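Here is the structure we will look at, set down as structure tokens.
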Amino acid sequence: MVLDRRGFMKFIAGAGTGILATPVVWKFTDDAAIWTQNWSWIPRNEGGENTYVHAVSKMDPSGTPMRVRLVNKRPVRVLPSPEHPLGGGISSLAVAEVQMMHSPGRVKRPLVKGPDGGFSEIDWPGAAELLQGKLEEAKDRVAFISGDENGSTNEILSALAKALGSEDVFLMPSEGQCAAKACELMGIEAQLGYDFENSDYVLAIGANLLESWGTVVRNRRLLKEGQAAPFRNEEKGVKEKTPVITFAYAGPVQNNTAAVARPWLPIYPGAEGILALGIANMLMARGKVANAGDFGAFRTLASRYTPEETARLTGVDPKKLEQVVTALLSAKAPVVVVGSEFNQGSGAAPLLAGFAVNALLDNINKVGGVALLPPAVVAMKGASSRAELYKKDLCSWFAGKNTPAVLVMHEANPVYALPDPAAVAEAIKAVPFKVSFSTFMDESAALCDLVLPIGMGLERIDDLESPYGCGKTIYCISGMASIPQENIRSTANTLLYIARQMGQDLGFELFEDLLKAKALYHEKCSFDVLVAGQAAESDALVELDGYSLRPDIMAKALTVKTATDTLRLAPFAKLNLGTAKTGIPPYNNKTLRAKELDGALMTVMVNGATASQKGLSDGDRVTLDNGKRQIPAKLRVFEGVMNDTVAVCLGFGHTALDEFSQNKGANVMELLTAAPEPETGLNAWSQAGVAVSKS
Amino acid sequence: MSAKKEFNVKWGMAIDLDKCTGCGACMVACQAENNLAPQADASNKLRVMNWLVVFELSNKKAFPDHEVAYLPRPCQQCAEQPCATVCPVIATERNEEGGIVSQIYPRCIGCRYCMAACPYHARYFNWFDPIWPKGMEKALTPDVSVRPRGVVEKCSFCHHRFMYAKDKVRAEGGNVYVTGPDGKKHCAVPEDGYVTSCAEACPNGAIVFGDLNNPRHTVHRLVTGNDNAFRLLERLGTDTAVYYISSREWVRRLGDNYLDEEETQKPKQILPEKH
């Protein structure tokens, strides 16, 4: 057979038709497309049965309730739990909690420090024996620091300390501690709460209400429910829904809360208390009075803060202040919340001034006002209540050069989170034996002789009682959503075991038994119901029967430092950057804006006028210097910062944890120094000055 | 541009910028839901993979008149897609009831024409292998396959959730599409039966998701006849499915490239009668 030209053309045409007709080529192309993207290092999806369990975040200070999705018993997502009284959406921190269970920064097994300073593995019995021996040697020279202010583990810490003869049990500083001290000074035995659910006007002074203050997710649910956008109702025609709640905010930085507040009142950092006194004066000028024993003295004090004087000291715009006062007076259920932009260090005096404003608004224990919640229940014999723990100031203890023989830290990272971290690190290094019960290898754990891994909230059973800010008593138990990913045990059970070995009977064999005992205090919810995700709620309030506003303390403690050649430092917190305990969660790294972090250099913000005054411009590399320490940064001109003020975000500058937290900016706590607040026994660090110069 | 396809159901969003505080919960929820790998150094935004980004907006006024707003930007799911028009391998198209613009990763050859074409910068090139810290891959969801490096990715309005929601309707013996009282076809998936991960997570309720064509859905009511509603780059004619709401004129003005002498157009002048 001869292949002529015609035959050849027929063959080509036939081959072409055949290729087009056969699926082989297309199948091959399709497979090639798939298989060239199917590499061994790319994880495969693993399916399975979907189940959901309820939990409460122990990582997020606001105690965000969560619904955890499990696939084949493997947690994969944290979803909101909107029915929970603390719920709504989900916070930027809690939403990454499942992924954080696998964070490279986790402590995976018990570690003991060797003579060369390196860590080596130790088994749990060995670790418990080591700690027991050290505690027996130390006797009453033992101290405990807890970073979980809402959990019952603190009962075990304090009961064990008491059994050993020590009173040194501390909570990490918090807004709750400042509020508790204010209550103590006023003679009120209660926890301050805020009934936002029924408020129609909320003025936050300093308190970063919609980002990091108190019960954040619950606060923000009220924004969702109370500030509906205008919309068309098909059945009723066009109708604008009137907002039922208005948020106003006063603070030095146009932060996340200020972004949606109407209005934002810019004030100097640390001027929250003075502003509250100025508002109190304006309210009294319009006939408002408070039923306090020392109201006369308070009136005299507050009358000094005329609108002009208040404006001079705080930098507030008198016109805007007048608008806010008018709004407070015309609201049906207004409430004022005084706090700190970074949830710490304000001292108690601003809270006293804030309480006075609320008393003038006659909203104490009223619907939509301030709620005086009963103190948290104590179920363990010999344990200290939360109020008793709040009375002890950790900064004062460190400043007093106290050196216990054994220091036990539970979910606390004072080496990162306290002012002047270098001094705190030195103080902790001087302790002969220090132990950290920690989920992550944080800065404090890295200094310890023994590091004991504890589970994430999802890997352990734990509880949460009335986090600061909630408007009613709430008790929740978070069950174990996941099998532990690492070789972990709980702080509570480890210490209960050690106590038993030491012959100390704390009344409970297991932490779960203590939680069951606590559940009995809540009539409507059994232990099982609580573990299943329901919260026990109580509307009980402490009667306000005789109290003092304590103008004597306010007169001494409420001052505003005036800037000279330095700028006022305004630290502010953002929950997406994690906490001192967690560092920056891996999944949250991408939420950092280019304007917040440039490589390893963080940005600090001043407004245009302040930048010009200091000869600085946008993009400059600068150094912030408090006279003792310096931190490098990149300057950003942001017009949402108060005059003569430099705003710095917390959460940067981790030296421990993992690559997601390290080499990112500097720790602003380096620039802060705790100073005793007159008359209150607390320390404050909300007013600091720093020199900002080009590097 | 390709011929515009109209659908009975048009999934869309109304994002209230007066409620958004810029916390980033939506961004993290999106990453966790759609299996986006974390990056230790995410400061170089040209190399970071995000399906949803929250941008900071400023009214550009000096202190104390300065205002700030935050704008979450998912894929705008255009009805007239600049991206699909330029894709040489038909890796992205909008041809399914619901109006979601697909992204078919095995087809994508990584040419990035679509990224150049997208006026919203909503598309991202996968520069790196998707590597999770050891063990973190256990937290991947089974719903969204992990994409290799070298392809373009984008928000899918959590399309897998739509598929699950439809499956649920079918499993319960119902039809996915039914005729409503207005005589039009609507999706039988209930309003809360299909919600994107970002809308679900938002603690402020700033992101509302639903069928823009369904008068019973909140998203429809939020944007219809609302003088505060606008869409990004409306005058490009991309007919997006993401509406923004703000009572602040300066925010609405940032929604398009207005000339200095131009007035911000009223939504009625530019928004379509029908979604």
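The values are calculated or read from the model by the stated rules, or taken from the named source; none is laboratory data. These numbers were taken from a predicted model, which means no experiment stands behind them. Virtual Cβ from ideal backbone geometry, glycine too; neighbours counted across all protein chains shown.
What number of residues in region A:107-142 are within 30 Å of A:THR403 (Cβ to Cβ) and either within 14 Å of another protein chain (Cβ to nearest Cβ) or crowded, with 16+ Cβ neighbours inside 10 Å (or both)?
Matching residues across region A:107-142 total 19.
Quick check: anything in region A:30-42 touching a residue at least 24 places away in the same chain (Cβ under 8 Å) and not assigned by TED's automatic domain parsing to the domain that holds A:PHE433?
no
Take the conditions among the charged types (D, E, K, R), surrounded by fewer than 24 Cβ atoms within 10 Å (Cβ to Cβ) and in contact (Cβ under 8 Å) with a residue 60 or more places away in the chain and apply them to B:LYS5. Does it pass?
Against the criterion (among the charged types (D, E, K, R), surrounded by fewer than 24 Cβ atoms within 10 Å (Cβ to Cβ) and in contact (Cβ under 8 Å) with a residue 60 or more places away in the chain), B:LYS5 qualifies.
Select, from A:GLU129, A:GLU184, the only residue that is at pLDDT 95 or above, within 30 Å of A:PRO678 (Cα to Cα) and in a helix (DSSP H, G or I).
When all the criteria are applied, what remains is A:GLU184.
Output the residues belonging to region A:660-693 that are out of contact with any His (no Cβ under 6 Å at 6 or more places or on another chain), within 14 Å of another protein chain (Cβ to nearest Cβ) and surrounded by fewer than 17 Cβ atoms within 10 Å (Cβ to Cβ).
Of everything in region A:660-693, just one residue is out of contact with any His (no Cβ under 6 Å at 6 or more places or on another chain), within 14 Å of another protein chain (Cβ to nearest Cβ) and surrounded by fewer than 17 Cβ atoms within 10 Å (Cβ to Cβ), namely A:ASN663.
Return the only residue of A:ASP393, A:ASP442, A:ASP462 being among the acidic types (Asp, Glu), under 17 Å from A:SER166 (Cβ atoms) and surrounded by 20 or more Cβ atoms within 10 Å (Cβ to Cβ). Spell out how you get there, then give the answer.
Numbers: A:ASP442 fails: under 17 Å from A:SER166 (Cβ atoms); A:ASP462 fails: under 17 Å from A:SER166 (Cβ atoms).
Just a single option satisfies the conditions, and that option is A:ASP393.
If the Cβ limit is 7 Å and pairs must be 6+ apart or interchain, which residue in region A:115-130 that is touching a residue at least 24 places away in the same chain (Cβ under 8 Å) pairs with which residue that is of a type in the set (Ser, Thr, Tyr)?
A:ALA128/A:THR494; A:ALA128/A:TYR497
Quick check, is B:CYS78 crowded, with 19+ Cβ neighbours inside 10 Å, more than 8 Å from chain A (Cβ to nearest Cβ) and part of a loop (DSSP other than H, G, I, E, B)?
yes
Looking at region A:445-543, what strands (runs of 3 or more DSSP E) fall wholly within it and have at least 1 residues that are touching a helix residue (DSSP H, G or I) at 6+ places or on another chain (Cβ under 6 Å) and touching a residue at least 24 places away in the same chain (Cβ under 8 Å)?
Details: elements: A:450-453, A:462-465, A:473-478, A:536-538.
Fully inside region A:445-543 and qualifying: A:450-453, A:462-465, A:473-478.
Take the residues in region A:25-49 that are facing chain B (nearest Cβ under 9 Å) and of a type in the set (S, T, N, Q); name whichever of them is surrounded by the most Cβ atoms within 10 Å (Cβ to Cβ).
A:GLN37
Would a scan of region A:422-432 turn up a residue that is among the charged types (D, E, K, R) and not in a helix (DSSP H, G or I)? Steps first, please.
Going through region A:422-432, the residues among the charged types (D, E, K, R) turn out to be A:426, A:429.
Within this subset, residues satisfying the condition of being not in a helix (DSSP H, G or I) are none.
No, every residue in region A:422-432 fails to be among the charged types (D, E, K, R) and not in a helix (DSSP H, G or I).
Out of all the residues in region A:402-415, is one or more part of a helix (DSSP H, G or I) and without any contact (Cβ under 8 Å) to a residue 60 or more places away in the chain?
yes
Can you tell me which residues in region B:228-237 are more than 13 Å from the chain's Cα centre (by Cα), more than 8 Å from chain A (Cβ to nearest Cβ) and of a type outside the set (Phe, Trp, Tyr)?
Matches in region B:228-237: B:ALA229, B:LEU233, B:GLU234, B:ARG235, B:LEU236, B:GLY237.
Could you please find all residues in region B:80-92 being of a type outside the set (D, E, K, R) and more than 15 Å from B:CYS155 (Cα to Cα)? So that I can check it myself, show each step before the final result.
Restricting attention to region B:80-92, the residues satisfying the condition of being of a type outside the set (D, E, K, R) are B:81-92.
Within region B:80-92, B:PRO82, B:THR85, B:VAL86, B:CYS87, B:PRO88, B:VAL89, B:ILE90 meet the criteria.
Only residues that are facing chain A (nearest Cβ under 7 Å) and either crowded, with 24+ Cβ neighbours inside 10 Å or more than 19 Å from the chain's Cα centre (by Cα) (or both): list them for region B:14-23, please.
Once the filter is applied, which keeps residues that are facing chain A (nearest Cβ under 7 Å) and either crowded, with 24+ Cβ neighbours inside 10 Å or more than 19 Å from the chain's Cα centre (by Cα) (or both), region B:14-23 yields B:ASP16, B:LYS19, B:THR21, B:GLY22, B:CYS23.
I'd like the residue in region A:516-558 that is closer than 15 Å to A:SER466 by Cα and charged (D, E, K, R) and, out of all such residues, is surrounded by the most Cβ atoms within 10 Å (Cβ to Cβ).
A:LYS518
I'd like to check something: does region B:209-218 contain any residue that is surrounded by fewer than 16 Cβ atoms within 10 Å (Cβ to Cβ), in contact (Cβ under 8 Å) with a residue 12 or more places away in the chain and among the basic types (Lys, Arg)?
Yes.
So which of B:ASP18, B:ASP65 is without any contact (Cβ under 8 Å) to a residue 40 or more places away in the chain and over 30 Å from A:PRO104 (Cα atoms)? Don't jump to the end; show me each part of the working.
On the way: B:ASP18 fails: without any contact (Cβ under 8 Å) to a residue 40 or more places away in the chain.
None of the others qualify; the one that does is B:ASP65.
Per-residue answers, yes or no, for (1) touching a residue at least 12 places away in the same chain (Cβ under 8 Å); (2) over 22 Å from the mean Cα position of the chain (by Cα); (3) within 7 Å of chain A (Cβ to nearest Cβ):
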| residue | (1), (2), (3) |
| --- | --- |
| B:GLY98 | yes, no, no |
| B:ARG112 | yes, no, no |
| B:TYR120 | yes, no, no |
| B:GLY135 | no, yes, yes |
| B:CYS158 | yes, no, no |
| B:PHE162 | yes, no, no |
| B:ALA171 | no, yes, no |
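What strands (runs of 3 or more DSSP E) lie completely within region A:583-678 and have 1 or more residues being of a type in the set (Gly, Ala, Ser) and closer than 21 Å to A:ALA573 by Cβ? Lay out the reasoning, then the answer.
Details: elements: A:601-606, A:621-625, A:630-637, A:645-649.
Hits in region A:583-678: A:630-637, A:645-649.
Of all residues in region B:21-75, how many are small (Gly, Ala, Ser) and part of a loop (DSSP other than H, G, I, E, B)?
Going residue by residue through region B:21-75, those that are small (Gly, Ala, Ser) are B:22, B:24-25, B:29, B:32, B:37, B:40, B:42-43, B:58, B:62, B:69.
With the extra rule that they be part of a loop (DSSP other than H, G, I, E, B), the set shrinks to B:22, B:24, B:37, B:40, B:42-43, B:62.
Counting residues in region B:21-75 that are small (Gly, Ala, Ser) and part of a loop (DSSP other than H, G, I, E, B) gives 7.
When region B:24-62 is examined, which residues are found to be among the aliphatic types (A, V, I, L, M), facing chain A (nearest Cβ under 7 Å) and in contact (Cβ under 8 Å) with a residue 12 or more places away in the chain?
B:ALA25, B:MET27, B:VAL28, B:ALA29, B:ALA32, B:VAL48, listed by residue number.
Please state which one of B:ARG107, B:ARG73 is of a type in the set (Lys, Arg), within 14 Å of another protein chain (Cβ to nearest Cβ) and under 21 Å from B:ALA29 (Cβ atoms).
Residue meeting the stated conditions: B:ARG73.
Can you tell which of B:GLY183, B:GLY193, B:GLY173 is surrounded by fewer than 16 Cβ atoms within 10 Å (Cβ to Cβ) and touching a Lys or Arg at 6+ places or on another chain (Cβ under 9 Å)?
Going through B:GLY183, B:GLY193, B:GLY173 in turn, the sole match is B:GLY193.
Do you know which residues across region A:143-167 are touching a Gly at 6+ places or on another chain (Cβ under 8 Å), buried (at least 20 other Cβ atoms within 10 Å of the Cβ) and not in a loop (DSSP other than H, G, I, E, B)?
Within region A:143-167, A:SER158, A:ALA159 meet the criteria.
Exactly one condition in (1) within 13 Å of chain B (Cβ to nearest Cβ); (2) in contact with a Pro (Cβ under 9 Å, 6 or more places away or on another chain); (3) farther than 30 Å from A:PHE437 by Cβ is not met by A:LEU575; state its number.
(3)
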